Amino acid sequence: MNSSNLYQPSAYPSSKTALLLLDYQNIIVNMIPSPGKEKLINAVETLLAAARKNNIAIIHCIMDTTQDPAATNKVTETWASQYKPVFSANPQLGAEFGGFAPNNCSTDRETVFKRAPGIRSGLESEGIVSYLRDKLGAAHLILSG
């Protein structure tokens, strides 16, 4: 690690870097109007290709739309009345956008973390912080989402 400027991405080796892809689910990506949607898709695909080429860990953080939020969560009522029926009728809307999801180009340093609805941050996914710290030894995060 080059400690002269810790704010520069080049200060961290790829082995200590993780890319977090946050909430790139079909329902969200498909709401983006053109040409912004195409620009987003190209940018994320470029970022993914670079991360895979450089053996950077990739963490896909998405909401598990098959779960309900905790009963005490403030979105529980809205989830049950508005969102759950949509995802139940079309589960593909909750899936990660196809071009971004792990595929045959994925490496062994690529994984998916899911969280329950109502949990806003991907970094609150169960086990993700210990995975980043203990398993990957990540000292540098690249966030995209």
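In the stretch 117-145, the residue that is farthest from Ile32 (Cα to Cα) out of those that are out of contact with any Ser or Thr (no Cβ under 9 Å at 6 or more places or on another chain) and not in a helix (DSSP H, G or I) is Gly127. For the stretch 131-140, a tally of residues being within 10 Å of Ile59 (Cα to Cα) and open to solvent by 60 Å² or more (accessible area, probe 1.4 Å) returns 0. Looking across the stretch 119-130 at every residue that is open to solvent by less than 30 Å² (accessible area, probe 1.4 Å) and modelled with pLDDT under 95, the one that is nearest to Leu40 (Cα to Cα) is identified as Gly122. Counting only helices (runs of 4 or more DSSP H) wholly contained in the stretch 1-90, the ones carrying 2 or more residues that are open to solvent by 60 Å² or more (accessible area, probe 1.4 Å) and free of Cβ contacts under 8 Å to residues at least 60 places away in the same chain occupy 36-53, 84-89. Scanning the stretch 127-145 for residues that are free of Cβ contacts under 8 Å to residues at least 12 places away in the same chain and either within 22 Å of Asn30 (Cβ to Cβ) or not hydrophobic (A, V, I, L, M, F, W, C) (or both) yields Ser130, Arg133, Asp134, Lys135.
The values are calculated or read from the model by the stated rules, or taken from the named source; none is laboratory data. Note that the structure is a prediction, hence the values are computed from the model and not measured. Here the Cβ is made from the backbone with ideal geometry for all residues, glycine too, and neighbour counts use every protein chain on show. Protein only, heavy atoms only, side chains kept; ligands, DNA and RNA dropped before computing areas. Shrake-Rupley method; radii C 1.70, N 1.55, O 1.52, S 1.80 Å.
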